[in-house]
Structure formats: structure tokens, C-alpha cells
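Below is one structure, written out as C-alpha cells; comments come after it.
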Amino acid sequence: SWFLFWFLYEFIVLSAFQQQKEVMLKSSPADLVTETDQRVEKILISAIRDKYPQHKFIGEESVAAGERLELSDSPTWIIDPIDGTVNFVHRFPFVAISIAFAVNKQTEFGIVYSCVEDKLYCAQRGGGAFLNGEPLHASGQEDISRCLVVTEIGAERDDLALSTMTSNIFRLLKLPVHGVRALGTAAVDMCQVATGGADAYYHIGMHCWDIAASALIVQEAGGVVMDTDGSQFDMMSRKVIAASSSAVANRIAQVVQAFPCRRDDEDPSKSLCGAASN
Ligand code: IPD
């Protein structure tokens, strides 16, 4: 059945990639969705549901359409049908599907398929991480001043979010790190840490479907994931550091500040409060 998902994704996403798309806005002028995102998610969920009718789903576009986001102990599929929708709209060639499967709130396996590159990253808890069948290993780098760091600007455009994000990049560059990169898809960005091609990744404001699969891929490649405040990784917190070593992860946690954003599993009727913090 993985072959079926892969085939559908290649067939639908790649054929739409070169075409003009009708773009709709979600939470901000930079938070986009297309008919292809919605279509791919529907096909995936209905194919999985046919086989596993009891399982639950957290899908980016289902949540955008008003479905409640809840991660319980039940077997749950966490799906981003197109991670990198802005890239997809512009034909910038990094777009991925991200599928994670969690039981008791713990990810058991994760798949990130970067379809234009034809790169399939996957990991199973305790079974290692792989790229197109080859084992993945994080770099093991411990010295922040030798790190290539990946991050994302995200879709937030309010002053506090923008100034926090730009000053985070400023402080990292001043450490100095070797460089800061952004591919436009959180899932693929994070997998770069698993390959050793990047030494660290951090992000504030993404959602659980962007990073659930790639967090396991990084861990299974020998990397470390944590919250940007240095606490245990929580896929609902909308803050993540993935790194080659604990030393690098902790150093990034000291430097990076977060702007307030509502947890994925928080009641949307509650208001945001608080100032920037790490
Ligand atoms: C987005 C991408 C982007 C990140 C945003 C995400 P989407 O996911 O991962 O790189 O900066 O925070 O929301 O909307 O393309 O699935």
C-alpha cells in the first residue's frame, strides 16, 4: 500500500506541479492551500481508512476545514499531503508528503517523500532511518561554530513573530555558525539533519503534521530532538530543535527565542498571551 501512496503522489502532485494553480489563503497571506493539497489528503485518508477503519487521523487540510485536532492514545495517522505548499505554488522544487503513525502518542514510523527529488526518507522506532533504502546517520557534530543550520521563516507575518525570527537568525550567524538555510518544507529541512547534510534545524510556528515523521527520522539517524526551550520534544508545542548532538541542540536552545503561538492541541477559542520567550 505504500507503493500506492507513492504512485498517487507522483501522479497527482507531479502532474499538477508544472501547472497554474488556484491558490486559497488560510491563516495568513503566506499560508496557502491548493485543490491538490486537499485532494491528496482525501485520497490518502480514504485509502488508509478502508484498511484500518478504527484508526484516527490528523490531516493538515482536514483541520483547516474545521476538524478537531486531537492526539489520543489510539492509533493515529498524522498527515501533511503537501509540505511546502508555497514551493508547490511557485514550482520551487522541494515539496513533500509527510506521514507519521503514532500509538499512545508516540510515533512508531514516519515517511517523508520529497517527490520532485524522488527521495524517500523513512524510519521505524528502533529500526533506524533510511533514505531510498540507504541507512542515515546524523553528523554527530558537537561544535556549534562548525554547524550548518536549517530553519524556516514560516507563514506568520506579525511584527513580533518576524522580529523574533530575524533576530534568532542574526544571533546564530553571530556565534558564528557556518550558514543558515531554508528549503521551504519543514519535513525535508529536518531530514537534512538525519542525512548529516545539515547539523541542526529549529523552527517555531510549524504544526505537528510538518514534523511528526521527520522527528522520528532524525532520532533514528542518531540525532536529537527537543523543544526550543530545551525541554522534551512535544510535537504539539509548535517549537522544535533537531540536531546532530545534545551539545548543539542545547546551544541552539540558549540562543533561539520563541514568539507566542497556540499549541496545536489547544482550544482555538482561548486567546494568545505572553511575550517572546525561549
Ligand atoms: C509549511 C512548511 C514551511 C514552514 C511552515 C509550514 P505547509 O507547511 O513546512 O516550510 O515554514 O511553518 O506550515 O503549509 O506547506 O504544509
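The values are calculated or read from the model by the stated rules, or taken from the named source; none is laboratory data. No experiment lies behind these values; they were computed from the predicted model shown. All Cβ positions, glycine included, derive from the backbone under ideal geometry; neighbour counts span all protein chains shown. These area figures cover heavy atoms from the full protein model, side chains too; ligands, DNA and RNA do not enter into them. Shrake-Rupley method; radii C 1.70, N 1.55, O 1.52, S 1.80 Å.
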Inset, instruction - Express in Å², to the nearest 10, the accessible area of His90 obtained by rolling a 1.4 Å probe over the protein heavy atoms while all chains stay in place. - result: 130
Legend entry - Backbone N within region 173-195 under 20 Å of label point (7 Å from Ser246 Cα along the Cβ vector): 194
Inset, instruction - Can you tell me the 0 to 90 degree angle between the C-alpha axis of helix 246-255 and the longest principal axis of the chain, rounded to 10? - result: 80
Legend entry - Three-way shape call for region 23-176 based on the alpha-carbon gyration tensor, with the a/c threshold at 1.5: oblate
Inset, instruction - Give the angle, between 0 and 90 degrees and rounded to the nearest 10, that separates the Cα long axis of helix 159-174 from the longest principal axis of the Cα atoms of the chain. - result: 60
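Checking the a/c ratio against 1.5 first, then a/b against b/c, what shape does the Cα gyration tensor give for region 158-237? List each step's numbers first, then the result.
Values: a/c = 1.71, a/b = 1.26, b/c = 1.35.
It comes out oblate by the Cα gyration axes.
Could you tell me the calculated FRET efficiency between Glu67 and Ser167, based on Cβ-Cβ distance and R0 = 51 angstrom, to the nearest 0.05? Can you show the working numbers first?
Details: r = 35 Å, r/R0 = 0.69.
E(calc), rounded to 0.05, equals 0.90.
Taking the mean number of other Cβ atoms within 10 Å as a proxy for protection, how do you rank 30-41, 123-134, 93-104 from highest to lowest? Display every interim value, and only then the final one.
Numbers: 30-41: 19.7, 123-134: 15.0, 93-104: 23.3.
The peptides rank, most packed first, as 93-104, 30-41, 123-134.
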Inset, instruction - Can you work out the accessible area per residue across the chain, with the rest of the protein chains kept in place, probe 1.4 Å, in square angstrom? - result: 45
Legend entry - Tilt relative to the chain, helix 186-195 - C-alpha long axis, 0 to 90 degrees, to 10: 70
Legend entry - In nm, spacing of pseudo-spin labels at Glu117 and Lys26 (7 Å Cα→C-beta vector): 2.2
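Would you please name the trypsin sites (Lys or Arg not before Pro) within region 136-213 that are DSSP coil residues with at most 15 other C-beta atoms within 10 Å of their C-beta?
Numbers: sites: Arg146, Arg157, Arg171, Lys174, Arg181; in loops: Arg157.
The qualifying sites are Arg157.
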Legend entry - Solvent-accessible ranking of Ser163, Ser114, largest area first, probe 1.4 Å: Ser163, Ser114
Inset, instruction - Return the carbon/sulfur percentage of the accessible area of region 144-255, one whole number, probe 1.4 Å, all protein chains in place. - result: 51
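Enumerate by residue number the GluC sites (Glu not before Pro) in region 98-159 meeting two conditions: DSSP loop (anything except H, G, I, E, B), and at most 13 other Cβ atoms within 10 Å of the site's Cβ. Working shown, then result.
Details: sites: Glu108, Glu117, Glu142, Glu152, Glu156; in loops: Glu117, Glu142, Glu152, Glu156.
Sites meeting the loop and neighbour criteria: Glu117.
At R0 = 22 Å, how high is the FRET efficiency between Glu10 and Tyr52 if r is their beta carbon distance? Nearest 0.05 is fine. Could you put the intermediate results ahead of the total?
On the way: r = 23 Å, r/R0 = 1.05.
The pair Glu10/Tyr52 has a calculated efficiency of 0.45.
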